[in-house]
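Some notes on the structure that comes next.
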4 protein chains.
Amino acid sequence: MTEQQQPSAQQRAIVEAGFAKANFIGDVGIHMTDCGVGWVEAAVDILPRHAQQNGFVHAGVQTTLADHTAGAAAGMLAPEGYTVLTLEFKVNLLRPALCERLLCRAEVLKAGRQVSVVESEVFAMIDGEKRLFSKATVTMAVVQMSD
Amino acid sequence: MTEQQQPSAQQRAIVEAGFAKANFIGDVGIHMTDCGVGWVEAAVDILPRHAQQNGFVHAGVQTTLADHTAGAAAGMLAPEGYTVLTLEFKVNLLRPALCERLLCRAEVLKAGRQVSVVESEVFAMIDGEKRLFSKATVTMAVVQMSD
Amino acid sequence: MTEQQQPSAQQRAIVEAGFAKANFIGDVGIHMTDCGVGWVEAAVDILPRHAQQNGFVHAGVQTTLADHTAGAAAGMLAPEGYTVLTLEFKVNLLRPALCERLLCRAEVLKAGRQVSVVESEVFAMIDGEKRLFSKATVTMAVVQMSD
Amino acid sequence: MTEQQQPSAQQRAIVEAGFAKANFIGDVGIHMTDCGVGWVEAAVDILPRHAQQNGFVHAGVQTTLADHTAGAAAGMLAPEGYTVLTLEFKVNLLRPALCERLLCRAEVLKAGRQVSVVESEVFAMIDGEKRLFSKATVTMAVVQMSD
């Protein structure tokens, strides 16, 4: 799972399809930006419609981004004919999120046969520095694809 | 926190404002349906745009609903001049969610001076029976409102 | 999973063995007190050795109790030849715990083929009233027993 | 919070006292092994009494270690006259734990005025390689010390 390792064409296709086929992801404006073996990065340009009642980015936007990106990272490593479904996740919101572009990087902590665990960081680059808004741990079931 | 107890006009106003002022909640289509002292119920009519890649309701829709409804329930019990912000939450997705209308009920487990804890159930009524899709535990900081 | 339903002799034996065979459970002083189909209750008499630095019951005692009792409840419902292993849990510590006898009740929220989810409450009876100290949600993998 | 930075004598004393004064920590056999500004390391020599029913290290041992070490790391950074109490934690058990000596490293992810968040890794060194057994995220309240 080193960053240097290039994903196979099939792995990249799995990640891309996971974003393209999920309506809610398009609806929120989330798109994949990069991926490697065991990690995926995604982003969303923040608009007024993403706000909660105090003007910050809604926790729901952050967790949608964190969960979906985690799923793509784990799905890429699932055996052929298998996909992943989120069993549970936990997210800490570290500070109110204000930014123009919200980023996420998900990295697989453990890719198992039945269960995978992924960590997602949600952050922005502000004045060239990474500002971490939330961090999630996502547990996913590895399940056979149904046709 | 018994269900029989009616919320004050001010408590109801806090809940209603918490839904009305949050852009992302309107964007996703979530609205408050009922509330009492220490609990809030909300709903969202499921459309194709809420789906994940396999056609189920996206986890992000469920957690946005669970988190926001929890915040309203805890916010209602915060002292005057105070509001709540989500510190963290954990959600278990118990089964794939398919339904026409997704419901949520959030109940305060502990209303503290600094921290409140709320439980949210996300479910549908199918053939007259409650089908539980996910359950979240939400920890919220009680913070002074800034003007 | 109603409380009225009596567990089978085999289910009770699974629960009893789960407590008897776990050395750390005996070491901490935890014992099973009752069980039904899909729920288990356990207790520990609190001694000075269970304290954290301020004199309260250590979170580790509470989570050992919550996790183990949850495992017994889920294990009872696993198919023959299968057992459960904790994948993850989350616990909220609602207030500092001071008591003579710490109790736990674990109830299965979902018994699945691959994964079960259990909720555990850790509390004491003080002046005849239940005082809730912590609440945990435990996700368990259903795995084949190895011989 | 760089590793190079030496903790002050007072910070080290806070960490040492946090381990020495907690009865349950001594009872389980956990001791602090090293610390820096914003991080603490601890260890426990595994004995038969630490086992669960299948012979692995009990999740309760791992979470006691993870939570307590996290508390020491956050407590070190609390303002004078303040200490920390665990609000909640979540732990993923990544694989069954078998080892002679269980290690933990806790690092502060965010040190706040009201709330701090710490990550703890529980692992063993096996044949010179780190084998990660569990990872926890711990949320702590920063509270005034009572005399």
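Numbers below:
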item	result
Residue that is more than 9 Å from chain C (Cβ to nearest Cβ), out of contact with any strand residue (DSSP E or B) (no Cβ under 8 Å at 6 or more places or on another chain) and closer than 19 Å to D:M145 by Cβ, where the choices are D:A13, D:A74, D:A78, D:A70	D:A13
Within the stretch A:96-116, tally of residues that are modelled with pLDDT under 95 and among the basic types (K, R)	1
Count - residues of the stretch B:50-67 that are within 25 Å of D:V91 (Cα to Cα), among the small types (G, A, S) and facing chain A (nearest Cβ under 8 Å)	2
Answer residue from the stretch D:91-131, given it is surrounded by fewer than 17 Cβ atoms within 10 Å (Cβ to Cβ) and acidic (D, E) and is farthest from the chain's Cα centre (by Cα) among those	D:D127
Filtered residue count, the stretch B:67-90, keeping only those that are touching an Asp or Glu at 6+ places or on another chain (Cβ under 8 Å), open to solvent by less than 10 Å² (accessible area, probe 1.4 Å) and not charged (D, E, K, R)	4
Selected residue [at pLDDT 95 or above and in a strand (DSSP E or B)] from D:A66, D:A43, D:A78, D:A70	D:A43
Lone unmet requirement of (1) in contact with a Lys or Arg (Cβ under 9 Å, 6 or more places away or on another chain); (2) part of a strand (DSSP E or B); (3) of a type outside the set (D, E, K, R) for C:A106	(1)
Count - residues of the stretch B:43-52 that are open to solvent by 30 Å² or more (accessible area, probe 1.4 Å) and in contact (Cβ under 8 Å) with a residue 60 or more places away in the chain	0
C:G55 being on the phi > 0 side of the Ramachandran plot, surrounded by fewer than 23 Cβ atoms within 10 Å (Cβ to Cβ) and either hydrophobic (A, V, I, L, M, F, W, C) or touching an Asp or Glu at 6+ places or on another chain (Cβ under 7 Å) (or both)	no
Hits in the stretch B:20-38 - residues which are open to solvent by less than 20 Å² (accessible area, probe 1.4 Å) and among the hydrophobic types (A, V, I, L, M, F, W, C)	B:A22, B:F24, B:I25, B:V28, B:I30, B:C35, B:V37
Any hit, the stretch C:132-142, residues being surrounded by fewer than 20 Cβ atoms within 10 Å (Cβ to Cβ) and either modelled with pLDDT of 95 or more or farther than 27 Å from A:L85 by Cβ (or both)	yes
Those residues of the stretch A:1-42 which are touching a residue at least 12 places away in the same chain (Cβ under 8 Å) and of a type in the set (D, E), in sequence order	A:E3, A:E16, A:E41
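To keep it simple, each residue is scored yes or no on (1) touching a Pro at 6+ places or on another chain (Cβ under 7 Å); (2) among the hydrophobic types (A, V, I, L, M, F, W, C).
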residue: D:G26; (1), (2): no, no
residue: D:G29; (1), (2): no, no
residue: D:M32; (1), (2): no, yes
residue: D:V37; (1), (2): yes, yes
residue: D:V44; (1), (2): no, yes
residue: D:A51; (1), (2): no, yes
residue: D:V61; (1), (2): no, yes
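The values are calculated or read from the model by the stated rules, or taken from the named source; none is laboratory data. Owing to the predicted nature of the structure, the values given are computational and were not obtained by experimental measurement. Every residue, glycine among them, receives a Cβ derived from its backbone with ideal geometry; neighbour counts consider all protein chains shown. Each accessible area value is taken on the protein alone, full model and side chains, heavy atoms only, with ligands, DNA and RNA left out. Shrake-Rupley method; radii C 1.70, N 1.55, O 1.52, S 1.80 Å.
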